[in-house]
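K.L.:
Take a look at the following structure, please.
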Amino acid sequence: MTTSTANLTGCWKDFADAIAAGIDRIILFGPPGTGKTFAGLHYGNVAAGAHRLICSEDMTTADVTGHFKPNGDGWKWNTGAVIKAWEGDGINGGRIVADEIDKAGGDVQSTLLAMFDTVESASWENPENGRIVRPRPGFSVVMTTNLEEMEDLPTALKDRFPVAIRINEPHPDALLTLPADLREAARKSADADAQRRFSIRAFQAFAKLRESLEAERAAKMIFGRQAESIMDALKVEAL
């Protein structure tokens, strides 16, 4: 991940500046495949560890806080992702990246609301030993969602995150993984209308395919009905 903000612009500079300013509750929303999760896991001070929590309708609060699971000697406590981030390295709190939090069920969202409260207010009792656990100083949360409008998130959840940034283009470092002639098309496609939108992963696959196939055939395999328009755009960029 880029450590300097000198070559960042737009949404990514906003994110970098917010992190640098010490904002510890940030929502990244917008099109998929732009690097929101990667940025959350790697940007800023994550020396105390960064943990990912993938939200879904089927998940339970056990994924958040932890649960007992059997082993050869009986039952062992398995710490959940958020508690791991709370505890960090034992001195400083780490970071939790909560992916697609809008897909979590009501019970899980309620638990996350409590876990993502201020350091002074949040606490949890470990059922294994009765110890009260609180987030260590430095604990931070980056929440990601592919929702296009923040109004679609519950009000209470949005209230925990005063900074919400719409990520409308791939991160510059992600674009650098592509051949130079594909970068601008990939940047523009990330936030195009639904029928013409393609993530950077699609362009990475296209770049790989065209190494052994004709570019037009590779484009049809990856971009389908939009293959011709993508190829036209690449020709224009080449000029």
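The values are calculated or read from the model by the stated rules, or taken from the named source; none is laboratory data. Please read these numbers as outputs of a predicted model, since none were measured by experiment. Here the Cβ is made from the backbone with ideal geometry for all residues, glycine too, and neighbour counts use every protein chain on show.
K.L.:
Out of all the residues in the range 17-28, which are among the aliphatic types (A, V, I, L, M) and either closer than 12 Å to Asn45 by Cβ or not in a helix (DSSP H, G or I) (or both)?
P.N.:
Here is the first cut: in the range 17-28, the ones among the aliphatic types (A, V, I, L, M) are 18-21, 23, 26-28.
Listed by number, the residues that qualify are Ile19, Ala20, Ala21, Ile23, Ile26, Ile27, Leu28.
K.L.:
Let me ask something else. Looking at (1) under 19 Å from the mean Cα position of the chain (by Cα); (2) part of a helix (DSSP H, G or I); (3) among the aliphatic types (A, V, I, L, M), which is the only condition Ala233 fails?
P.N.:
Among (1) under 19 Å from the mean Cα position of the chain (by Cα); (2) part of a helix (DSSP H, G or I); (3) among the aliphatic types (A, V, I, L, M), the lone unmet condition for Ala233 is (1).
K.L.:
Go through (1) modelled with pLDDT of 95 or more; (2) in a loop (DSSP other than H, G, I, E, B) and name the single condition Met59 misses.
P.N.:
With respect to (1) modelled with pLDDT of 95 or more; (2) in a loop (DSSP other than H, G, I, E, B), Met59 is out only on (1).
K.L.:
Suppose we keep only residues that are of a type in the set (A, V, I, L, M) and surrounded by 19 or more Cβ atoms within 10 Å (Cβ to Cβ) within the range 21-36. Which one would you say is nearest to the chain's Cα centre (by Cα)?
P.N.:
Ranking the candidates gives Leu28 first.
K.L.:
Looking only at residues in the range 118-135 that are at pLDDT below 90 and acidic (Asp, Glu), which one is farthest from Ala39 (Cα to Cα)?
P.N.:
Step by step, filter the range 118-135, then rank; the result is Glu128.
K.L.:
Right, here's the next one. Which residue pairs have Cβ atoms closer than 6 Å, lie 6 or more positions apart in sequence or on different chains, and pair a first residue in the range 29-50 that is touching a residue at least 12 places away in the same chain (Cβ under 8 Å) with a second residue that is of a type in the set (S, T, N, Q) and in a loop (DSSP other than H, G, I, E, B)?
P.N.:
Gly30/Asn168; Pro32/Asn146; Pro32/Ser199; Gly33/Ser199; Ala48/Asn92
K.L.:
In this structure, is Phe68 assigned to a strand (DSSP E or B) and either aromatic (Phe, Trp, Tyr) or over 11 Å from the mean Cα position of the chain (by Cα) (or both)?
P.N.:
Yes, satisfied.
K.L.:
Say whether the condition of being at pLDDT 90 or above, over 19 Å from the mean Cα position of the chain (by Cα) and either more than 29 Å from Leu8 (Cβ to Cβ) or of a type outside the set (Gly, Ala, Ser) (or both) is met by at least one residue in the range 136-143.
P.N.:
yes
K.L.:
Would you mind stating whether Met150 is at pLDDT 95 or above and either surrounded by fewer than 17 Cβ atoms within 10 Å (Cβ to Cβ) or within 13 Å of Thr34 (Cα to Cα) (or both)? Let's see the steps before the verdict.
P.N.:
On the way: at pLDDT 95 or above: no; either surrounded by fewer than 17 Cβ atoms within 10 Å (Cβ to Cβ) or within 13 Å of Thr34 (Cα to Cα) (or both): yes.
So Met150 does not fit the description; no.
K.L.:
Name the residue, out of Asn92, Asn146, Asn129, Asn78, that is touching a Gly at 6+ places or on another chain (Cβ under 9 Å) and free of Cβ contacts under 8 Å to residues at least 24 places away in the same chain.
P.N.:
The conditions single out Asn78.
To keep it simple, each residue is scored yes or no on (1) outside the structural domain of Asp193 (by TED's automatic domain parsing); (2) surrounded by 18 or more Cβ atoms within 10 Å (Cβ to Cβ); (3) over 17 Å from Leu157 (Cβ atoms).
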site	(1), (2), (3)
Ile19	yes, yes, yes
Phe38	yes, no, yes
Asn78	yes, no, yes
Ile96	yes, yes, no
Lys103	yes, no, no
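K.L.:
Quick check on the range 41-51. Is at least one of its residues surrounded by fewer than 20 Cβ atoms within 10 Å (Cβ to Cβ) and part of a helix (DSSP H, G or I)?
P.N.:
Within the range 41-51, one or more residues are surrounded by fewer than 20 Cβ atoms within 10 Å (Cβ to Cβ) and part of a helix (DSSP H, G or I).
K.L.:
Only one of (1) aliphatic (A, V, I, L, M); (2) more than 14 Å from Val64 (Cβ to Cβ); (3) in a helix (DSSP H, G or I) is not met by Val119, so which one is it?
P.N.:
Every condition holds for Val119 apart from (3).
K.L.:
In addition: Under the condition of being among the acidic types (Asp, Glu) and free of Cβ contacts under 8 Å to residues at least 24 places away in the same chain, which residue from the range 185-235 is surrounded by the fewest Cβ atoms within 10 Å (Cβ to Cβ)?
P.N.:
Once the filter is applied, the top-ranked residue is Asp193.
K.L.:
Answer yes or no: is there a residue in the range 144-167 that is more than 26 Å from Ile101 (Cβ to Cβ) and of a type outside the set (Lys, Arg).
P.N.:
no
K.L.:
Just need a number here: residues in the range 144-162 that are of a type outside the set (S, T, N, Q) and within 15 Å of the chain's Cα centre (by Cα). Can you show your working first?
P.N.:
First pass over the range 144-162, keeping only residues of a type outside the set (S, T, N, Q): 147-154, 156-162.
Filter once more, keeping what is within 15 Å of the chain's Cα centre (by Cα): 147-148, 161.
Summing the residues that are of a type outside the set (S, T, N, Q) and within 15 Å of the chain's Cα centre (by Cα) in the range 144-162 gives 3.
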